[in-house]
Amino acid sequence: MAPEFGGIEAWINSNPLTMEELRGKVVLIDFWTYTCINCIRTFPYLKQWHSRYADDGLVIVGVHTSEFEFEKDYDNVVEATVNDSLVWPMAQDNDYVTWRRYSNRYWPAKYLIDKDGVVRYTHFGEGAYAETEEIIRELLEEADPEFRVNNLELPKDQTLDPAFLSTRNARVTRELYGGYERGQSDMLYGRGGYVRQVEYFENKDKVFDFTVEGDLESDKIYFEGPWHIGPESSTHGRMTENFEDSLSIVYSATSVNAVLTSETGEPYKVRLKVNGEYLTEENKGIDVMIADNGKSYVWVTTPILYNIVKNPSYVTGEKLEMSSNSDDFDLFAFTFGVYDNGH
């Protein structure tokens, strides 16, 4: 049987629900967290399923289990659901109680539960949207033999960038984390960590003045100037006037996203360059602004995932540099994509 919800701090878009009350319905449990790009990419499919099948007995319940501490904030989660037009019930599972009851390990993760409360299907990560919808239809028909699909077309998975598919030995930079806790875990698994500079792990929970020497290794974060190394993120270590300090990565992808917050909640500007040049209308992300003088920036106003680079097609070995005069500049993670739509 499907585990009961537990440890829910708040419900959004709904009164509190229980699995017992949902008997007779087909329930889709969706574990997510609002800055996860893999979760965000599934939103169009969840919206379509809600629109198509809610009246036929499908109930989607999003279980928001935070990856980062700031994602536990109720107002942040509400703002994310509003901005992304997510209208189905949301359960805020800050202490991972429901997550553990399902023995879950992934964002996103989907559990389809039949009318009798039995978990009949699971899928972890993106993709398999047609397969998932077929199971939704089967379970709805079991619950109501009069249910009819009416020739609705099954969804297709997102299309990969043709340039990526045609590049021999193409690869995508993996997710990179700014905080030392995830870096230490990565080291334990023998993957070398997310930051190459040895001083990074020698100066945890303090400010260190980094220097970059020689060429940058691909798929690693490099810091220049004073940075505070924290358990979840790295924060610019001083106020400046001329963007003297920076962080850089050499990446391979079509798109680049960054999870950024402000230490004080005050907005700040991050200057962006790729290969020493400012971004343009052709390669800027949707959250990037181009000033009248041609300089490219992202304004960090709220703790979210920002789309900062959106190349026309797949690239490899590109150097992204980010700098800010603010000591609120706070990096949690980078994520990368190779989808045809650039997200």
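Pairs linking a residue in the stretch 23-52 that is at positive phi to a residue that is assigned to a helix (DSSP H, G or I) and of a type in the set (A, V, I, L, M), with Cβ atoms under 8 Å and 6 or more positions apart or on different chains, are G24/A143. Summed over the stretch 291-307, residues that are in a strand (DSSP E or B) and exposed (fewer than 15 other Cβ atoms within 10 Å of the Cβ) total 1. Just one of (1) surrounded by 14 or more Cβ atoms within 10 Å (Cβ to Cβ); (2) farther than 30 Å from S313 by Cβ fails for E202. It is (1). Considering V250, V256, the condition of being under 25 Å from N83 (Cβ atoms) and of a type in the set (V, I, T) is satisfied by V256 alone.
Taking the stretch 157-222 as the region of interest, the helices (runs of 4 or more DSSP H) fully inside it that hold 3 or more residues being within 23 Å of D340 (Cβ to Cβ) are 162-166.
Scan the stretch 273-308 residue by residue and report those that are among the charged types (D, E, K, R), within 17 Å of F336 (Cα to Cα) and in contact (Cβ under 8 Å) with a residue 24 or more places away in the chain.
First, the residues of the stretch 273-308 that are among the charged types (D, E, K, R): 273, 277, 281-282, 284, 287, 292, 295.
With the extra rule that they be within 17 Å of F336 (Cα to Cα), the set shrinks to 273, 284, 287.
Result: K273, K284.
Does the stretch 258-274 contain at least one residue that is in the same structural domain as R238 (by TED's automatic domain parsing), assigned to a loop (DSSP other than H, G, I, E, B) and modelled with pLDDT of 95 or more? Yes, the conditions are met somewhere in the stretch 258-274. Residues that are under 23 Å from T18 (Cα atoms) and touching an Asp or Glu at 6+ places or on another chain (Cβ under 7 Å) within the stretch 35-55 comprise L46, W49, listed in sequence order.
Scanning the stretch 217-235 for residues that are touching a helix residue (DSSP H, G or I) at 6+ places or on another chain (Cβ under 8 Å) and either more than 17 Å from D330 (Cβ to Cβ) or surrounded by fewer than 23 Cβ atoms within 10 Å (Cβ to Cβ) (or both) gives G230, P231, E232. With respect to the stated conditions, E4 is surrounded by fewer than 16 Cβ atoms within 10 Å (Cβ to Cβ), over 22 Å from the mean Cα position of the chain (by Cα) and touching a residue at least 60 places away in the same chain (Cβ under 8 Å). Taken over the stretch 236-247, the criterion of being surrounded by fewer than 18 Cβ atoms within 10 Å (Cβ to Cβ) and within 24 Å of D215 (Cβ to Cβ) is satisfied by F243, E244.
The values are calculated or read from the model by the stated rules, or taken from the named source; none is laboratory data. Treat the numbers as computed from the prediction; the structure is a model and nothing was measured. Please note: Cβ atoms are built from the backbone with ideal geometry, for glycine as well, and neighbour counts cover all protein chains shown.
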